[in-house]
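K.L.:
Before we start, here is the structure in question, set down as structure tokens.
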């Protein structure tokens, strides 16, 4: 993994000459494109989670209670899919700009776990819970398992966003003196910055 | 309106209110807040030779070696704005090169361990020819010390 990411970051697309940069390094150092990517990522994730919020609140029986669930979700789903597509593409590209950093970042690792949880919830909803939609489509307040899935959806997506925001802060960055636990969770020993104990001793 | 619905509405209203208040409290938070990593009460004046410059988003990093009174060198890495804001302030690969003797004004990180190197947030940089330029980002919550020409009082 370490080798693959090192090649992605420093090797891929690198030309000849001592000032040559890889594609990843060029993207990370770009004057405009990186900011455009980050801005698009944030705007489209707002569209994605904003539209999910509306559907989840309907499923919780909080808003649009006299409107059929299917009417709400069918009107909104295309916007959600649009937001999702751009969010994922820009997100992957941002990771490509600095793969080693994200790989050794505790918030990014937590974010990926929560992302899996959120996506499993989407899958469970569409493959199981939605099978009985005919029975509760017109209900002002859908049954408990539907509301549970909606609540889990809201909480997990908000947690994904919160973790994403915290990636920008260096509180637990590899190379800082910190607990063995944090160093292990981030696999700091394998990182460029290395692992340091709380006493400031280099561990590798 | 039944009780359960009232509680849900109240919870959402309070949530929105808190969010709105946070929004008012931090109207111009940039990429990340100054106070989360740096200490506005710990100004540093660094004179030294540029070691390397990382021209990367969202913050460039200027590495310089500062000679102490005992003649020993201590490496500092100083956080700057984006490559874009720096270019507009006249700081780029051509004007800031390794080996150059520069002076940087800034604030040290909350973490004073200097492991593996000392860390600071840069405010302005003085080049060998005496030219001075703002090297930070606007609106991060850094102290209003006059370094930022776009600062609103």
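K.L.:
Quick check on the range B:14-33. Is at least one of its residues at pLDDT 75 or above, surrounded by 13 or more Cβ atoms within 10 Å (Cβ to Cβ) and over 22 Å from residue A:39 (Cα atoms)?
P.N.:
Scanning the range B:14-33, I find no residue that is at pLDDT 75 or above, surrounded by 13 or more Cβ atoms within 10 Å (Cβ to Cβ) and over 22 Å from residue A:39 (Cα atoms), so the answer is no.
K.L.:
Counting just the residues of the range A:173-185 that are part of a helix (DSSP H, G or I) and surrounded by fewer than 17 Cβ atoms within 10 Å (Cβ to Cβ), which one comes out nearest to the other protein chains (Cβ to nearest Cβ)?
P.N.:
A:180
Listed here are the residues, each with its yes/no results for (1) touching a strand residue (DSSP E or B) at 6+ places or on another chain (Cβ under 8 Å); (2) buried (at least 17 other Cβ atoms within 10 Å of the Cβ); (3) within 12 Å of chain B (Cβ to nearest Cβ).
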| site | (1), (2), (3) |
| --- | --- |
| A:152 | no, yes, no |
| A:158 | no, no, yes |
| A:166 | no, yes, yes |
| A:171 | no, no, yes |
| A:187 | no, no, no |
| A:190 | no, no, no |
| A:195 | yes, yes, yes |
| A:202 | yes, no, yes |
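K.L.:
Going residue by residue through the range A:56-74, is there one that turns out to be within 20 Å of the chain's Cα centre (by Cα) and surrounded by 18 or more Cβ atoms within 10 Å (Cβ to Cβ)?
P.N.:
Yes.
K.L.:
Can we say residue A:149 is at positive phi and touching a residue at least 40 places away in the same chain (Cβ under 8 Å)?
P.N.:
no
K.L.:
Could you list, in sequence order, all residues of the range A:1-25 that are touching a helix residue (DSSP H, G or I) at 6+ places or on another chain (Cβ under 9 Å) and assigned to a helix (DSSP H, G or I)?
P.N.:
A:2, A:4, A:5, A:6, A:8, A:9, A:10, A:11, A:23, A:24, A:25
K.L.:
I would also like to ask the following. Does at least one position in the range A:83-93 carry a residue that is surrounded by 18 or more Cβ atoms within 10 Å (Cβ to Cβ) and within 14 Å of chain B (Cβ to nearest Cβ)?
P.N.:
For the range A:83-93, residues surrounded by 18 or more Cβ atoms within 10 Å (Cβ to Cβ) and within 14 Å of chain B (Cβ to nearest Cβ): present.
K.L.:
Could I ask something else about it? Just to check your reading of the model, which residue among A:7, A:34, A:23 is surrounded by 13 or more Cβ atoms within 10 Å (Cβ to Cβ) and within 20 Å of the chain's Cα centre (by Cα)?
P.N.:
One residue alone meets the criteria, A:34.
K.L.:
Hey, among the residues in the range A:100-124 that are more than 12 Å from the chain's Cα centre (by Cα) and crowded, with 19+ Cβ neighbours inside 10 Å, which one's nearest to residue A:49 (Cα to Cα)?
P.N.:
Going through the qualifying residues, I end up with A:121.
The values are calculated or read from the model by the stated rules, or taken from the named source; none is laboratory data. Here the structure is a predicted model, which is why all the values come from computation and not from measurement. As a convention, Cβ positions derive from the backbone with ideal geometry for all residues, glycine included, and neighbour counts pool all protein chains shown.
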